[in-house]
1. What number do you get for the protein assembly as shown when its Cα radius of gyration is normalised by 2.2 N^0.38 Å, N = residues?
2. Using a 10 Å cut-off around each Cβ, can you sort C:247, B:102 from fewest to most neighbouring Cβ atoms?
3. What shape does chain C take by its C-alpha gyration tensor, where a ≥ b ≥ c are the square roots of the eigenvalues and a/c under 1.5 counts as rounded, a/b above b/c as prolate, and the rest as oblate?
4. In deg cm²/dmol and to the nearest 500, what is the mean residue ellipticity at 222 nm of chain C if only DSSP H runs of at least 4 residues count, each as -39500 (n - 2.57), divided by the residue total?
5. Against the longest principal axis of chain B, how steep is helix B:107-120, in degrees 0 to 90 to the nearest 10, with axes from Cα atoms?
6. Ignore the peptide's own chain and count Cβ atoms of other chains within 10 Å of each Cβ in A:168-179; give me the average, rounded.
7. Connecting C-alpha atoms closer than 10 Å in a GNM of chain A, tell me which of A:224, A:203, A:213 has the biggest fluctuation.
8. Over 23 Å between C-alpha atoms is what I'm after, so list which of B:42/B:103; A:115/B:42; B:74/B:101; B:42/B:185 land there.
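Each value in this text was obtained by applying a stated rule to the coordinates, not by laboratory testing. Quantities reported herein were computed from a predicted structural model and do not represent experimental measurements. When we count neighbours, we look across all protein chains shown, and the Cβ atoms used for this are built from the backbone with ideal geometry, even at glycine.
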Amino acid sequence: MATGGKAIAERQEVAVRRPGLWTRVVRQRRRILDLVQHGYIWLWMLIFVLPFLTTFAYSLRTADGISLSPYQHVFGSFKDNLLLSFEVTIISIVLNLLLALPAAYAIVRFPIPGKGFLLSVLNLALYTPAAVMGISLVIVYNFLFHIAQTLTGLVGAYVVGTYPMMLIPIIVALRDLPQVYEEAARCLGANRLQTLFRVELPLLGPGISAGILLTFVIVFNEFLVTLFVAGPGNTTAALRVFNLTRTAGIQPSTAALASTMQIVSFVVVIAFFRFFGSRYLKGTYLI
Amino acid sequence: MARVELIEVTKRYGQTIAVDRVSLDIAEGEFVTLLGPSGCGKTTTLRIVAGLIEPTEGEIRFDGQVVNHVPPHKRNIGFVFQSHALFPHLTVAENIAFGLKIKRRPKAEVQRRVEEMLELVNLQGFGSRMPSQLSGGQQQRVALARVLATDPQVLLFDEPLSALDRNLRDQLKYSILELQRRTKKTAIYVTHDQSEAFAISDRICVMNAGRVEQVGTQLDIYLRPRTEFVANFVGDNNVLTGAVVRVQQRDGQRSVVVKSGALELHAVDTQGLQPGETALVFVRPENIEVLSDGVVSEDEPILQGLVEQVVFEGPTVRFLVDIDGRPFRVVASGPQRLTLLGSSGRRVRLRFHAVVAIRYEHAEAALVPGR
Amino acid sequence: MAGSAQPLAVERPRAGLASWLREHRQLLSGLGLLLPAFLTSLLLSVVPLVYLIRVSLTREATFFFTAEHTIENYRTIAERYLPNLWETIYLAGLSSLLDLVVGYPFAYILVRKVRYRDLVRATMMFPLFGPLYLSLGMHYLFLPNGPLAPALNLLGIEGTSLLYSLPSVLFAMAIFTLPFMVMNIGAALSNVDPTLEEAATCLGAQPWQTFWRVLFPLSRSGILAGLLMCFGWNLGVYVQPLVLGTISEQRVLAIALYQKGVIQFDYGLAAAMGVVLMALAFGVTWLSLRLSRGALGA
């Protein structure tokens with residue numbers, strides 16, 4: 001009896017073990033696959049940030065070891081460029097808002113025939129390569145409008161190129177906004193303007209902020225159209241980076257300016273994600 | 001606080017007619033319900049009264065003044081939406097104060113009024129919450145308070161309770177009625193729910209396919225339907241066609257005798273039917289009485305029927321009874337219903353109450369959906 | 001005055017213009033709101049592009065004085081600048097394909113497996129700040145004393161041979177547009193029910209069969225949209241070849257256009273190049289808008 005019982009026990013052990021081994025192999029394969037997949041994502045995340053990290057590391061490397069001294073240039077000789085960048089960015093944001101808000105409102109809330117066509121005209125600049133936009137603007141600025149190499153011309157180029165980026169998220173937000181809030185406000189005695197300022201604009205906040213973010217990121221970092229259109233006195237920080245790349249690319253101060261630009265942009269984007277999430281950026285330049 | 005008149009109001013969208021020559025006169029302080037199936041134009045009518053939609057033709061008058069071209073914010077109305085429509089970026093108190101702030105009332109008054117309103121809808125202490133932190137019923141009560149705060153002359157309700165669950169709906173409909181009674185405001189209430197309409201209205205206006213089918217009190221609508229649509233839409237009805245054979249005057253009430261197959265039915269008539277005309281006859285399942293043995297007929301004839309089906313539904317029992325080869329739906333309630341549970345397959349005697357006859361109009365009958 | 005009761009004056013006579021204005025009030029105020037944006041686009045986008053076409057039909061800078069109309073510029077492009085055109089298309093096409101090969105698995109893993117998507121999204125922002133910083137960063141990366149130098153030495157590759165080369169230009173272009181590819185394919189894949197893959201597996205399909213017969217056909221629209229979008233963006237490539245490329249890559253149209261137009265004042269030829277580039281870009285955009293309904297679906 002005793003031996004018989006042992007045999008049964010052994011057989012049971014084998015029976016239990018076999019699928020156990022198989023499961024373990026499958027599990028191990030799955031774990032390796034998981035590891036490979038996540039490794040792939042992390043590899044690309046590294047590649048995405050690597051150019052910035054290298055630039056940043058380079059900006060700290062001076063003749064006498066690691067130091068922040070190249071950043072003295074950023075707030076020294078590059079200060080005017082940075083200030084100009086902030087200036088044109090803010091002006092562009094304000095102008096974009098003034099253009100895009102009424103336009104989005106008209107497109108979503110008013111019965112206008114041929115909306116699809118109108119939208120493509122408004123978005124035309126979005127599909128135009130920067131170099132084409134640059135040369136065409138150089139031509140009309142020189143010949144037709146006589147604003148070549150002026151700040152006006154530069155801002156005009158930024159506005160026409162980026163206000164569709166303001167338009168799209170606001171249109172998305174406005175379409176998402178039920179019309180019933182507008183109607184409720186109207187029935188409570190608010191006229192169109194009061195409805196707009198007290199109800200609709202606050203509720204459109206995230207969409208408008210998304211537009212501001214997009215304008216900021218693009219205008220702040222734009223260099224190619226700027227290269228064509230800007231006059232010698234209007235060198236933005238991004239254009240300065242480009243010019244330095246051509247003439248003094250190996251200088252840590254160049255890397256310092258490029259790092260500063262990216263850090264500022266990144267902080268603004270992250271701040272936006274914290275406040276509003278990424279919902280209203282869908283279908284636009286940034287995801 | 002205001003008399004509201006709709007005069008031949010029509011709204012067309014291209015070829016389709018959403019509202020078709022609707023006329024309605026609502027007295028000061030009256031509570032009128034627009035009742036009808038979805039797509040019948042009741043909401044469009046309400047929105048026309050609010051000024052959210054301009055009518056294609058016809059006039060809207062408040063206290064005799066034509067308000068067709070007056071924008072909604074100058075009409076002094078209160079509109080309660082199906083989806084409460086509380087502003088999500090404002091607190092409960094700010095929502096209620098919205099209309100008052102728009103009217104630039106002094107701060108102290110606004111504050112006092114908000115407190116008053118919160119008390120009125122039993123939400124004291126909820127002022128600083130955001131709308132999203134409230135339950136569905138509380139949200140709708142805030143919407144009500146927001147509307148009442150500005151002291152509008154007309155209250156408009158667009159299916160305010162349809163998004164809520166049943167218990168809440170029953171509670172809130174009486175609160176709405178009570179608030180309207182207390183504030184004595186003219187109210188128009190849109191719903192597709194009959195029980196809601198019957199519970200709270202002074203008068204009900206039944207609409208179908210953009211048109212008014214009948215306007216009247218609950219009793220009128222239920223006991224004296226004037227169209228086949230009303231008879232079928234409101235409650236349940238057994239329908240027969242037959243020929244008017246004679247007219248009687250009894251106790252000052254006119255009634256007609258309609259012959260349908262072998263049946264002769266005594267019916268109330270409000271349209272002046274004449275002998276020889278074809279009529280539609282309606283009798284509600286709950287108005288068919290199953291007689292216990294021994295009840296002697298007085299003047300209304302007793303009918304014979306064969307019980308084909310019995311369904312026990314708790315408070316009521318449903319029967320399918322074959323009378324003269326035609327199926328009739330019958331509902332019995334009260335203690336007597338229990339004695340009838342085993343009546344399947346038996347012959348019973350029945351008495352019809354509150355039978356209604358209307359003129360049979362072919363064209364109109366053809367329009368009623370599902371027929 | 002017999003009937004003192006007010007007649008039901010439903011139809012009232014109205015003045016012609018006033019009633020027209022009233023009837024079209026909605027339309028008119030809508031157009032009014034649209035006007036500033038429309039004018040901006042008209043003056044700074046439509047008019048310049050029309051002018052570009054006109055200038056492209058004149059000799060050198062004669063347009064500004066007495067215009068000499070000619071199709072000489074297009075003939076010049078056909079005779080001498082075809083390699084530039086091919087280089088542009090070649091680089092844009094190759095980098096877009098690279099995006100597809102790299103981006104498809106990336107998007108798949110991102111949609112199906114990854115929970116830290118916000119982190120991924122944040123890192124993906126860096127390429128979107130523009131190709132300039134990207135090129136500069138890669139330039140530093142491949143410098144002889146750069147961070148990759150030890151690894152490259154170990155592999156027997158000289159960093160400087162990568163510094164100015166076709167691969168690094170392609171890589172820089174691909175990184176810049178990879179987020180667009182991931183976004184498009186990711187959107188398409190997240191619409192594919194994962195149970196479809198499980199169903200295919202249960203029916204005995206090998207992983208590659210599942211991919212080829214289920215996943216790929218269902219995400220084809222996203223692939224096409226992504227390819228076209230990356231291609232469209234990369235057609236205008238300028239700074240990557242300039243910083244990381246050899247003479248060969250620096251032939252791309254945008255660089256040639258800048259040289260001719262801004263340095264040599266040959267507006268006619270520069271405009272003609274611009275027209276060619278614009279036609280390419282608009283063709284690609286038109287295709288992608290047709291194939292995938294854009295975010296607005298207008």
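1. 1.30
2. So the ranking, lowest neighbour count to highest, is C:247, B:102.
3. Oblate shape, in that a/c is at least 1.5 and b/c is the bigger or equal ratio.
4. -21500 deg cm²/dmol
5. The angle comes out at about 20 degrees.
6. 1
7. Top of the fluctuation ranking is A:203.
8. Long pairs (Cα-Cα over 23 Å): B:42/B:103; A:115/B:42.
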